[in-house]
Structures are given as C-alpha cells and as structure tokens.
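Q: Structure in structure tokens, see below.
The values are calculated or read from the model by the stated rules, or taken from the named source; none is laboratory data. These figures come from a predicted structure and were not determined experimentally. We place every Cβ from the backbone using ideal geometry, glycine too, and count neighbours over all the protein chains shown.
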C-alpha cells in the first residue's frame, strides 16, 4: 500500500513538472475567447483533455511497441535523413504549432494598433479555443504518459495521477491567467517561454526520428537545459523591469528639478 501511495505521489509530481508548459499555453490561448467565457473555456478544455488523456493512456499501453516502429523514412541525398514513427511526428507537429503560435502572438503584440481593435481582432469562438486546448494537451500527453510508464504500468494508478494532475491544472489555470491579466508585461515572458518549449519539442521530435541534417544528428534539449533557459529569461525580465523603473524614476526626478527652476 505504501509503495502504491509513493508511486502515485511521484506520478502526480511528474504530471505537475511536465505540465508547466502546457499550463502556460492554456493560460495564454484562453485569452482569445470572449472575456466572459475564458474561465469556462479553461475548465472545460482541461476537463475534456483529461478524459481524453485517460483514453490515450489505455491506447498507448496497448500499442506502445507499435508506436515505436518507424513507418516513414526520409533520405534526401544525405542532406536530411530520418525515420519517423507516430510519436516523433506528434511531437514535431506540436513543436511547429507552438512555435507558430508564439511567434504570431509576439508579432501581434508589437504591431501598432489601437488597443480596442487589437482585442477585437484576437477574439475567437469559445469552441475553437477549447479545441486548441484539448489538442495541445493531448500532444503534451505523449511525453507525460511515456515518462509515467517508467514508474508504473498500473493503469488505475496512472489514471488517478492524471485526474489529480488535471484538477491541479484547472485550479492553477485561473490563477495563472489572472496573474498575466494583472501583469500584462509578463505575457511577453510567457510567449518567449512558449517559443523555447516549441524548440524543445522540435529537438525531441527530431531526436526520436533519428533526424540528421547535413550529417549532424538532432540532439534533444533536456529538461535541465530548458529550465536553465527559463531561469535566465525570468532573471533578464526582472533585471530589465527594475532598470526600467530606475530610468523612469531618474527621468521624473530630472523633470521635477527642471520644473522647480
């Protein structure tokens, strides 16, 4: 019994660690829905994704060996060489989509528009946003499920961990979204973190496909490197924010001094 509890705790912790980038994506993409529907979109999207993740868990457990077998090879005169299986293609598609989403939102953020028109232009139907959350959650699920299988093969323990992890995501998603709403400048940091997530997924997909470009194999970005980059981004954002406030204070002090002359 103690072993089961320990395994469950480790699986929940694994879900939480691997779910960080997914949670950030959900919090950012849910803003595309009408403001009145955003909380419902997050809860419904995560809830549906959790149920589908359990279905995916059962499928992966039954087809884990088949998913490892390559079904498509590429050899373009030695320039691009690779053997793609289902897992590698899913991860590569997810990486491309997240890169596209983050770059699109970054360019949209720096585009010079009236704020009201900007908000109107990004609003999308709630159903479409829910579908995006569900699809991306399932893409992230492959890594979490395959990693969890190293700890346990018990489908009931793994399903329980998924349910607990989903409940935590629903609870945290609203709080992360509220934080980003109150601190709009951190959205830039979040989008660049998503950009790094996209790069990480591309390297992982390329590694799974044994992809070589001009004879150079694609090496996967490990989690240590990922979190180090995130830490550097956060540190840069903190330093830049404090430096900007210092410059504004200095500017205000000079303007006040000139006004008193």
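Q: Look at region 76-95 and say how many of its residues are modelled with pLDDT of 80 or more and loosely packed, with under 14 Cβ neighbours inside 10 Å.
A: Summing the residues that are modelled with pLDDT of 80 or more and loosely packed, with under 14 Cβ neighbours inside 10 Å in region 76-95 gives 2.
Q: Of the residues 76, 87, only one is in the same structural domain as residue 193 (by TED's automatic domain parsing), under 22 Å from residue 207 (Cβ atoms) and free of Cβ contacts under 8 Å to residues at least 24 places away in the same chain; which?
A: Only one candidate qualifies: 76.
Q: Also, quick follow-up: From the list 233, 201, pick out the single residue that is modelled with pLDDT under 85 and either in contact with a helix residue (DSSP H, G or I) (Cβ under 8 Å, 6 or more places away or on another chain) or under 30 Å from residue 86 (Cα atoms) (or both).
A: 201
Q: What residue, of 227, 243, is over 16 Å from residue 196 (Cβ atoms) and surrounded by 10 or more Cβ atoms within 10 Å (Cβ to Cβ)?
A: Answer to the check: 243.
Q: Kindly check whether there is at least one residue in region 192-213 that is assigned by TED's automatic domain parsing to the domain that holds residue 106, surrounded by 13 or more Cβ atoms within 10 Å (Cβ to Cβ) and on the phi > 0 side of the Ramachandran plot.
A: Within region 192-213 (the criterion being assigned by TED's automatic domain parsing to the domain that holds residue 106, surrounded by 13 or more Cβ atoms within 10 Å (Cβ to Cβ) and on the phi > 0 side of the Ramachandran plot), the answer is yes, since at least one residue qualifies.
Q: Which of the residues belonging to region 20-40 are over 17 Å from the mean Cα position of the chain (by Cα) and either surrounded by fewer than 23 Cβ atoms within 10 Å (Cβ to Cβ) or assigned to a helix (DSSP H, G or I) (or both)?
A: 34, 35, 36, 37, 38, 39, 40
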